[in-house]
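> Could you have a look at this structure, given as structure tokens, before my questions?
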Amino acid sequence: MNRVFYWCGLTVTQPFNTGIQRVTRCLAAELQKRGTEIIPIKWNARKNGVSIISGKEAEIFAAYSGPNISLPDRLPMNLKGEWMIVPEVIVPMVVPGSNPVRWANDQGMKTAAIFYDLIPLKTATDLHAKHLELFAEYWRMFAEADLVLPISKESESDMVWWLGHNGHHIPEVKTVYLAGELPGIPRSAKSKKESETFNLVSVGSIEPRKNHVAVIRAVLDAREQTGVDIRLTIIGRTIRDAYPELHVLVDNLMAKSNGAITLRESVGDEEMNDILSDADATVFGSWLEGFGLPVLESLWRGLPCICHNGSSIGEIAPGGGTVMVDMTAQDRITDAIIELATSPDQLEELTAEASRRHVKTWAEYADDVANALEIEKIDHTPFYFMMTDYLLRRNL
């Protein structure tokens, strides 16, 4: 695989690094390190067609350990047989012709797309019907791909169900689990500290399924039951326009904590590192994910993580360093926090497990994606040609 055309139109407009943007940037950077030329492309509304990203957009793409790319002047005239990868969520996708997979198919290209989740459908009460239809248009795109790379077995089963349920073609599928590496941050083992404060960190945007209300209430209950100075720092983007009542509730609960619970919204890498370097553990309250990057990223830092025991998190969390509980049951979250805050030996053991445990790197993820594309070429070889080759080699 000498080069791939890489759809990154959303990421190059966003100078921040959510989970999907991290996947998009890190996969491109690691494919590039493997010797693959990355041709970054997007839908250009002004030209009403596909084009190479601009120089300014390439700078945004290169941020957060993304690839440094020398942009070609123009797209090749003949794209037949080339690979295109779609690593992003593309919503909305309503401009005629802006479906990247359909465009690539029209050029005779081969297409691979990463499938994340059906969360908008599973939490449909949080979305207006017209927004859900925008996601449906995006999900239909996967029926036209040559190869789909779900990020977990749960996301794979969700995609296959949705396409089949709606009468669409089900393409070739190969699940490729994401990496948990934090580029630029070496694996670390937390040293035992002498402190009367137990510091928790929760990473995630303020939205219903991230479950911040239950986590905050669990921290307040644990403080009251133990008398331990348990503190929680939430690092996440607020979405007040979409969830005004939720944000009012979170604000009120934080106010009741007398400073024990704080929210940090705009946090750079250096500040994030400072906050987490002082943490004893993390808590990821989400009960519904396509993968659950914050769990593995916590382990990468050598921090134990309290997390859900179901959804896709139930696939990636086992293996050491995690306390898995039912995140829909607030009392279970409280019990887990109390256990870590009052049991130094248990905390030390989990910290050691987190530090020893293998966490997949983005280089390994890129290898898996590249191998999946190569496997796809073999799998799509017609049976007739496979048998002909076999008979020729046997001189039959």
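The values are calculated or read from the model by the stated rules, or taken from the named source; none is laboratory data. Quick caveat: nothing in here was measured; it's all calculated off a predicted structure. Methodologically, a virtual Cβ is constructed for each residue, glycine included, from the backbone with ideal geometry; neighbour enumeration extends over all protein chains shown.
> Which condition number in (1) without any contact (Cβ under 8 Å) to a residue 40 or more places away in the chain; (2) over 24 Å from Gly320 (Cα atoms); (3) out of contact with any Phe, Trp or Tyr (no Cβ under 8 Å at 6 or more places or on another chain) is the one that Val213 fails?
Going through the list (1) without any contact (Cβ under 8 Å) to a residue 40 or more places away in the chain; (2) over 24 Å from Gly320 (Cα atoms); (3) out of contact with any Phe, Trp or Tyr (no Cβ under 8 Å at 6 or more places or on another chain), Val213 breaks only (1).
> So is Pro150 over 27 Å from Glu207 (Cα atoms), assigned by TED's automatic domain parsing to the domain that holds Pro87, touching a residue at least 24 places away in the same chain (Cβ under 8 Å) and within 21 Å of the chain's Cα centre (by Cα) or not?
Spelling it out, it is not the case that Pro150 is over 27 Å from Glu207 (Cα atoms), assigned by TED's automatic domain parsing to the domain that holds Pro87, touching a residue at least 24 places away in the same chain (Cβ under 8 Å) and within 21 Å of the chain's Cα centre (by Cα).
> Has segment 155-163 got at least one residue that is closer than 28 Å to Asp241 by Cβ, surrounded by 18 or more Cβ atoms within 10 Å (Cβ to Cβ) and not aromatic (Phe, Trp, Tyr)?
Within segment 155-163, one or more residues are closer than 28 Å to Asp241 by Cβ, surrounded by 18 or more Cβ atoms within 10 Å (Cβ to Cβ) and not aromatic (Phe, Trp, Tyr).
> For segment 83-111, which positions are crowded, with 19+ Cβ neighbours inside 10 Å, over 20 Å from Ala136 (Cβ atoms) and of a type in the set (D, E, K, R)?
Within segment 83-111, just Lys110 meets the criteria.
> When segment 54-74 is examined, which residues are found to be farther than 18 Å from Phe5 by Cβ and in contact (Cβ under 8 Å) with a residue 40 or more places away in the chain?
Ile60, Ala63, Tyr64, Ser65
> Check Ser65 against each of (1) over 22 Å from Val369 (Cα atoms); (2) in contact with a Pro (Cβ under 7 Å, 6 or more places away or on another chain); (3) modelled with pLDDT under 95 and name the one condition it does not meet.
(1)
> Taking segment 205-223 on its own, how many of its residues are surrounded by fewer than 20 Cβ atoms within 10 Å (Cβ to Cβ) and under 19 Å from Asp280 (Cβ atoms)?
2
> Sticking with this one: For segment 115-146, how many residues are surrounded by fewer than 23 Cβ atoms within 10 Å (Cβ to Cβ), touching a residue at least 40 places away in the same chain (Cβ under 8 Å) and among the hydrophobic types (A, V, I, L, M, F, W, C)?
Residues flagged as surrounded by fewer than 23 Cβ atoms within 10 Å (Cβ to Cβ), touching a residue at least 40 places away in the same chain (Cβ under 8 Å) and among the hydrophobic types (A, V, I, L, M, F, W, C) within segment 115-146 amount to 6.
> Let me ask you something else. Of everything in segment 2-13 that's outside any helix (DSSP H, G or I) and out of contact with any helix residue (DSSP H, G or I) (no Cβ under 6 Å at 6 or more places or on another chain), which residue is surrounded by the fewest Cβ atoms within 10 Å (Cβ to Cβ)?
Among residues in segment 2-13 that are outside any helix (DSSP H, G or I) and out of contact with any helix residue (DSSP H, G or I) (no Cβ under 6 Å at 6 or more places or on another chain), the one surrounded by the fewest Cβ atoms within 10 Å (Cβ to Cβ) is Asn2.
> Something else about it: With the requirement that a residue be hydroxyl-bearing (Ser, Thr, Tyr) and not in a strand (DSSP E or B), what does segment 19-55 give you?
Hits for segment 19-55 are Thr24, Thr36, Ser54.
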